[in-house]
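Here is the structure we will look at, set down as structure tokens.
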Amino acid sequence: MDNFHDLVMKRESCRNFDPSKKVTKSQLEEIINCGIMAPSACNSQPWHFYAVVNQEILPKFAQCVQDMGMNKFADNAQALIIVVEEKATLAEKFTGKIKDQLFAPLDLGIAVSHICLAATDIGLSTCIMGWLNEEKLSKLLDLPKGKRIRVVIGVGYSADEKTREKKRKPAQETITYIE
């Protein structure tokens, strides 16, 4: 990408992954490392990323985001990144209590955004899935009790040649300038 605006305009939620094009471990490392570089409250970095790339077990993980007929396209994703919220640092907990604000979910959102934009930058496509069976995923990952899976990111190459037109609310409905 030549500039950030173009990158943002190109990024979309892919629901049509090309199952014939493989994602490499080095590509996943590159994009996840961008997520790790995301800012976080009190530098707490409240995340852990599980990258599922093994094509034999990937379908078991894909099933965990497909309850009630949702996210069928996950079957064609070539990798899944499972985002787990880690415990906040003492400083983050303290400031969060004072300000009545949960910072970890905000921090995770920033990290996930970094991952998705980094993927777009190298030609990959992503879809952030919040509809998931946390219990099944936790079992597959053998997570300790109390760990929360917040989202799963499908990663692959889009089978579509064009980026869809973005449909957003008009700016005047979402921005107020205080002058």
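Taking R0 as 35 Å, what FRET efficiency do you get between Gln55 and Arg164 from their Cβ-Cβ distance, rounded to the nearest 0.05? The formula returns an efficiency of 0.80 here.
Only helical runs count toward this figure. For the chain, summing -39,500 (n - 2.57) over DSSP H runs of n ≥ 4 and dividing by all residues gives -10500 deg cm²/dmol at 222 nm.
Hey, what did the stretch 29-157 get for relative contact order, percent, Cα under 8 Å, at least 6 apart? Walk me through the intermediate numbers first.
Values: 203 pairs, mean separation 47.7, N = 129.
Relative CO of the stretch 29-157 lands at 37 percent.
Model label sites at Glu30 and Lys145, defined 7 Å from Cα along the beta-carbon direction, differ in position by 4.3 nm.
Per-residue Karplus couplings for the stretch 144-152, computed as 6.51 cos²θ - 1.76 cosθ + 1.60 with θ equal to phi - 60°, are listed in order as x, 4, x, 6, 10, 8, 9, 8, 10 Hz, Gly and Pro entered as x. With a Förster radius of 25 Å applied to the C-beta separation of Ser20 and Gln63, the computed FRET efficiency comes to 0.75. Taking 25 Å as R0, compute the FRET efficiency from the Cβ-Cβ separation of Met37 and Asn133 and round it to 0.05. About 0.25, to the nearest 0.05. Can you list the DSSP H helices in the chain whose Cα atoms extend at least 18 Å along the helix axis and whose mean Kyte-Doolittle hydropathy is -1.0 or higher? Counting only whole DSSP H runs, the qualifying helices are 103-121. Label-to-label distance for Ile110 and Gln172 is 3.3 nm, based on points extended 7 Å past Cα in the beta-carbon direction. What you get for the stretch 29-157, charging only the Cβ of Lys and Arg (+1) and of Asp and Glu (-1), is a dipole of about 440 debye around the Cα centre. List the pairs from Lys139/Lys167; Lys21/Lys166; Lys139/Lys169; Lys136/Lys166; Lys25/Lys162; Lys147/Lys167 whose alpha-carbon separation is above 32 Å, in the order I gave them. Distance filter (> 32 Å) returns Lys139/Lys167; Lys139/Lys169; Lys136/Lys166; Lys147/Lys167.
No value in this document is a laboratory result; all are computed from the given coordinates. The model shown is predicted, which means the values in this text are computed figures rather than measured ones. Neighbour counts run over all protein chains shown; Cβ positions are idealised from the backbone, glycine included.
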